[in-house]
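Below: the structure, in structure tokens.
The values are calculated or read from the model by the stated rules, or taken from the named source; none is laboratory data. Here the structure is a predicted model, which means the values were calculated and not measured. For neighbour counting, all protein chains shown are included, and Cβ atoms are generated from backbone atoms with ideal geometry for every residue, glycine included. Heavy atoms of the whole protein, side chains included, go into the accessibility calculation; ligands, DNA and RNA do not. Shrake-Rupley method; radii C 1.70, N 1.55, O 1.52, S 1.80 Å.
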Amino acid sequence: MLDTDLSRWLDAEADDLDRGLRDAEEVLPQLAAAGLFGLGVDEHLGGAGGDIRAAVQAIAAVAGHSLTAAFVLWGQRTFIEYLLHTDNAALRERLLGELLSGRLAGATGLSNAMKYLSGIEELGVRAAPSAAGWRLDGRLPWVTNLRRSGFVVAAAVELPGSAPFIAAIPDDLAGLTRSEDLQLLGLQSSNTAALQIDALQLERDWLLAGDARQYLPRVRPGFLGLQCGMTIGLTRRSLQEVESQLAAGRSVLEADWRDLRARLERCVAELEQGLCAGRFLGEPASLFRLRIALAELAGQAVQLELQASGGKAYLQQHGAGFARRLRESAFVPIVTPSLVQLRGELQRQAAGAGA
Ligand SMILES: Cc1cc2nc3c(=O)[nH]c(=O)nc-3n(C[C@H](O)[C@H](O)[C@H](O)COP(=O)(O)OP(=O)(O)OC[C@H]3O[C@@H](n4cnc5c(N)ncnc54)[C@H](O)[C@@H]3O)c2cc1C
């Protein structure tokens, strides 16, 4: 159950957050005030306890009101997940409190790394050894939660002759340039921009993981599971909107609504079970299939909401919530790992198994 103040704020601001009419700076403090960043983080580390399912549920609950805010929550909580899995305890101690309180924004620039892991693209940042650590050069074309008042970003870095590594890069280092916000179809107040990295000197104590190829598969269930929370929340909300119309002459849609609702809740149960049992570490393909199934459900639910609302959904005066969800749903298939990438990965695995 979401904090009432936060629910009210999200409902009032969701459209403006999506269209960029609300200052993106405000999102993180609102989420922090509701205590959402510590869910699934051990109490001895300053968190609220519980396991990652609590964080997935929180992202889903926020996404039911605003996908922009849910995506900011995803970025922050996923960065926290990186810290929970790092062997660099000093870095964890240095950053965790600031991230849990929302004073510092955590941004995850690891799309590129996830694609790299699947052999889809080269890493966009390269390192050369220097006296205290490394010199970094490169570019991250898409990163969310790059809060202007302070952020730290996780990036995968190619180190010629060695394993690629994962670094946390603080925003105040010379050589790091944040672009203006990218102009988006929706999710505009999400502090999404590009990062240019030129001759940036990074000290060794910012290392999140010495070998990206070992670390990324370990954090991938959390990365993807938390991401599924966004799709779950959006789908649930559309189905709630359908339900509210069923009595108003839309009963012909009831069978479809029941079917989508049942399939959604089956996916949620399977996701939570798999996350809790650690099953996706050894069986990533089953998590990929779940992410694909959830994305398809989101698209179908939004379309069913359109049928349930009818022409009203097309009127600006009445249909703002639907129009926003339609734009929000366009994000679901393309966020990394996109459905195209996941389908390609499953195809490669099937071909490998058959060989
Ligand atoms: C709102 C939003 C927020 C995002 N936030 C993050 C984040 O926090 N962290 C993160 O790591 N990733 C983030 N991404 C990136 C996302 O996860 C995907 O990597 C991105 O959508 C590109 O995926 P793709 O499948 O198009 O990639 P590809 O298959 O690599 O690209 C498909 C085509 O699109 C082109 N293309 C892709 N991106 C751009 C671009 N920026 N400009 C011009 N052409 C382009 C490619 O050149 C290619 O021709 C975000 C994306 C969006 C839309």
What's the angle, to the nearest 10 degrees (0 to 90), between helix 339-354's Cα axis and the longest principal axis of the chain? 70
What part of the accessible area of the chain, given as a whole %, is carbon or sulfur when the probe is 1.4 angstrom? 51
What trypsin sites (Lys or Arg not before Pro) does segment 48-142 have in DSSP loop regions with at most 15 other beta carbons within 10 Å? 103
Quick one: length gained pulling residue 149 to residue 118 fully straight, 0.36 nm per residue minus the C-alpha distance? 7.8 nm
If r is the Cβ-Cβ distance from residue 266 to residue 25 and R0 is 30 Å, what FRET efficiency results, to the nearest 0.05? 0.15
Sorted by mean Cβ packing within 10 Å, highest first, what order do the peptides 41-50, 58-67 take? 58-67, 41-50
Quick one: work out Rg over Rh on the C-alpha atoms of segment 72-122, Rh as Kirkwood radius. 1.05
When all C-alpha to C-alpha distances in segment 108-212 are sorted into bins of 5 Å, what percent of pairs does each bin hold, rounded to whole numbers? 2, 13, 24, 26, 18, 11, 4, 1, 0
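Rounded, prolate or oblate, given the Cα gyration tensor of segment 120-160, with a/c below 1.5 counting as rounded?
Details: a/c = 3.23, a/b = 1.34, b/c = 2.40.
Cα axes put segment 120-160 in the oblate bin.
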In degrees, nearest ten, helix 4-19 long axis to first principal axis of the chain (Cα): 80
Using alpha carbon centers only, segment 31-81 is separated from segment 247-307 by a whole-angstrom value of 21
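For residue 54 and residue 240, calculate 0.36 nm times their separation in residues minus their Cα-Cα distance, and state this gained length in nm to one decimal. If you can, show how the numbers build up before the last one.
Details: separation 186, 0.36 × 186 = 66.96 nm, distance 2.13 nm.
64.8 nm is the gain from fully extending residue 54 to residue 240.
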Which Cα, out of 163, 109, 132, lies furthest along the positive dipole direction of segment 108-212 (beta carbon charges, K/R +1, D/E -1)? 109
Full-stretch length increase - residue 251, residue 33 - with 0.36 nm per residue and alpha-carbon distance subtracted: 74.4 nm
HN-Hα J couplings of segment 215-221 from phi, Karplus 6.51/-1.76/1.60, θ = phi - 60°, integer Hz, Gly and Pro as x? 6, 4, x, 6, 8, 4, x
Can you tell me, using C-alpha contacts under 8 Å and at least 6 residues apart, the relative contact order of segment 4-103 as a whole percent? 29
Report the net charge of residues surrounding residue 90, where surrounding means a beta-carbon distance below 12 angstrom and charges are Lys +1, Arg +1, Asp -1, Glu -1. -1
Per-residue HN-Hα couplings for segment 240-246, Karplus 6.51 cos²θ - 1.76 cosθ + 1.60 at θ = phi - 60°, whole Hz, x for Gly and Pro? 4, 5, 4, 4, 5, 9, 4
Can you run phi through the Karplus equation (6.51, -1.76, 1.60; θ = phi - 60°) for segment 33-44 and list ³J(HN,Hα) in whole Hz, with x for Gly and Pro? 4, 8, x, 7, 6, x, 5, x, 10, 3, 5, 5
How large is the accessible surface per residue of segment 108-212, computed with a 1.4 Å probe and reported in Å² as a whole number? 41
If you line up the long axis of helix 89-101 against the longest principal axis of the chain, both from Cα atoms, how many degrees apart are they, to the nearest 10? 30
